[in-house]
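Asker: Structure below; questions to follow.
Read-outs: derived from the displayed coordinates by stated rules, not from any lab. Source: prediction; values computed, not measured. Backbone-built Cβ (ideal geometry, glycine too); neighbour counts: all protein chains shown.
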Amino acid sequence: MKLSDFQIFSLRIPFKLKFSHSLATRSVSESVLLALADTQGRQGYGEGTPRPYVTGETIGGTMRVLQEILPDLSTEQMESVQDIDRLLSAYPALDTAPSARCALELALLDMLGQNMRRPVLQLLGTPQTEAIYYSAVISSETPEAVAKIAKQVAAIHVRQVKLKVGANREANRANIGVLREILGDSVDIRADANASWTPDDAVAHINDLVELGVFYVEQPLPAGDRNVWQTLQQRLPAAAKVYVDESICTLDDARWLAEHRAVSGFNLKISKHGGILPSLEIHRVAREHGLFCQLGCHVGETSILSAAGRILAALAGDLRACEGSYGLLLLEQDLTPAPMQFGYQGMGPVTDILKHPGLGIQVDLAPVDACLGRMPYSGE
């Protein structure tokens, strides 16, 4: 397989509802879409979701990296997953541009699967589960707004919920109370602070959460100093399970945090890690050190990244929670006539990513073009 053409787009698709947390508020998606074609006319699609507050990346910077690398890649012959991984590892620019690497990896894997007439999941390994059960994520809102979303979650009997929490302890307690009242005690609730607390605040907040039966707390402290995690753990009740998101981007992050037993787990996001393959490596490190992992997503991901997330979850088989596959539950438009979207009880069948070669979805850009959701790379 050899590249013959590529297109890079900035993708903005309106949401059906606003989504908020301590680091950002969004009402449209923000991602980079990559479309590749090979000399046989087969196509592959990839997506990256650069977030400045996570990896320091921007939409423009991600597009520039792709524009610089793709002409060189067009001279390469790629016949296997190993070829793709080796070639992408040869570009130092991708080390600090994981969203660009992610878009490239997914598009190349998608195209390889098309060429070999096999789903990417089968190219990468054997599914360890038949279904993925997704968690609902509820943004930081008023109790009335939380109640409205919680009733929708209850209607489809989703088993897990993650609540975005902020600096106001009483507001957090009120929102958890609303969730318990509507969802009952059997639904697993996690809290995500999105790096919004100081160490002293984190201790107070997490003690509150544990009292309310919320034991898993994501990224309570800002990313940066790794040593703060060990100190925080020493001040928390044994029942509290702190795991990280913004602090776990690279394989080096994973190794340090795991070897120092600084946290209980990792939130894996395919775009921030640079694709499925690096994400699997981070998952391997966590498993070797007895840490748990969950699948996360950046709000607004299309079915391209949702399919990649489902592939990762199927290969891992032991993720504590999974986020993503929201499809038209969140987006006004998606890139496929059959969006990668969870259903009753949050279930997403693994068979959904085995129906077609490549990533398992058939991409159609027409709906996005119709709502003026994409803009070609201009070189600026």
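Asker: With θ set to phi - 60°, apply the Karplus curve 6.51 cos²θ - 1.76 cosθ + 1.60 along region 200-212 and write out the HN-Hα couplings as whole Hz, x wherever there is a Gly or Pro.
Answerer: With the stated coefficients, region 200-212 comes to 5, 4, 4, 4, 5, 4, 5, 4, 4, 4, 4, 4, 8 Hz.
Asker: Another question about this same structure. Need the list of lysines near LYS162 for cross-linking: C-alpha distance under 29 angstrom, and skip anything on the same chain fewer than eight residues off.
Answerer: Partners found: LYS16, LYS18, LYS148, LYS151, LYS241, LYS269, LYS272.
Asker: From the phi angles alone, apply the Karplus equation (6.51, -1.76, 1.60; θ = phi - 60°) to region 174-189 and give each ³J(HN,Hα) in whole Hz, x where the residue is Gly or Pro.
Answerer: Going residue by residue, I get 5, 5, 5, x, 4, 4, 5, 4, 8, 9, x, 7, 7, 7, 6, 10 Hz, with x marking Gly and Pro.
Asker: While we're on this one: Return the tail of the calculated pair distribution for region 117-258, meaning the percent of Cα-Cα pairs more than 18 Å apart. Walk me through the numbers on the way to the answer.
Answerer: Numbers: 6017 of 10011 pairs.
Of all Cα-Cα distances in region 117-258, 60 percent exceed 18 Å.
Asker: Considering the values (i) 21.6, 73; (ii) 20.0, 60; (iii) 21.0, 66, which represents Rg and Dmax of the Cα atoms in Å as calculated for the structure under consideration?
Answerer: Correct label is (ii).
Asker: Calculate how many DSSP beta bridges within the chain are antiparallel, expressed in % of all such bridges and rounded to the nearest 5.
Answerer: 55
Asker: May I ask you to compute the full-extension gain from GLN67 to ALA338, defined as 0.36 nm times their residue separation minus their alpha-carbon distance, rounded to one decimal in nm?
Answerer: Taking 0.36 nm per residue and subtracting the Cα distance, the gain is 94.6 nm.
Asker: Moving on to the next point. Which stretch or stretches of region 236-257 have amide N atoms under 15 Å from the point lying 7 Å from ASP85's Cα along the Cα→Cβ direction?
Answerer: 251
Asker: Just how large is the dipole of region 16-170 about the Cα centre, in debye to the nearest 20, putting +1 at every Lys and Arg Cβ and -1 at every Asp and Glu Cβ? It would help to have the intermediate numbers written out before the result.
Answerer: Numbers: 16 positive and 17 negative charges, 183 e Å.
In debye, rounded to 20, region 16-170 gives about 880.
Asker: Can I ask one more? So what is the relative contact order for region 124-353, in percent, with contacts set as C-alpha pairs under 8 Å and at least six apart?
Answerer: The normalised contact order for region 124-353 reaches 24 percent.
Asker: For HIS157 and ASP225, FRET efficiency with R0 = 56 Å and r from the beta-carbon atoms, rounded to 0.05?
Answerer: 0.85
Asker: Using a 7 Å offset from Cα along Cα-Cβ at SER186, what residues in region 320-361 end up with backbone N under 12 Å from the label point?
Answerer: Zone members listed by number: none at all.
Asker: If the elastic network links every pair of Cα atoms under 10 Å, which of LYS164, LYS148, LYS241 fluctuates the most in the Gaussian network model of the chain?
Answerer: LYS148
Asker: Moving on. What are the ³J(HN,Hα) couplings of region 314-323, residue after residue, when phi is run through the Karplus curve with 6.51, -1.76, 1.60 and θ = phi - 60°? Round to Hz, x for glycine and proline.
Answerer: 5, 6, 6, x, 10, 6, 5, 8, 9, 10
Asker: Neighbour counts of other C-beta atoms within 10 Å: give me SER10, SER271 arranged from fewest to most. Intermediate values should be presented prior to the final figure.
Answerer: On the way: SER10 18, SER271 32.
Exposure proxy ranking, most exposed first: SER10, SER271.
Asker: Here's something else I'd like to know. Skipping prolines and chain starts, which residues have an amide H placed within reach, meaning under 5 Å, of the one on ALA131, given they are 5 or more residues away or on another chain?
Answerer: Amide H to amide H, under 5 Å and 5 or more residues apart or across chains, ALA131 pairs with VAL350.
Asker: Calculated FRET efficiency, ALA167 and GLN122, Cβ-Cβ r, R0 41 Å, to nearest 0.05?
Answerer: The computed FRET efficiency comes out at 0.30.
Asker: Follow-up. Using a 10 angstrom cutoff on alpha carbons, build the Gaussian network for the chain and name the most mobile of SER27, SER247, SER306.
Answerer: SER27
Asker: Can I ask one more? Quick one: Cα centre-to-centre distance for region 208-247 and region 147-178, in angstrom?
Answerer: Centre-to-centre distance over Cα atoms comes out at 19 Å.
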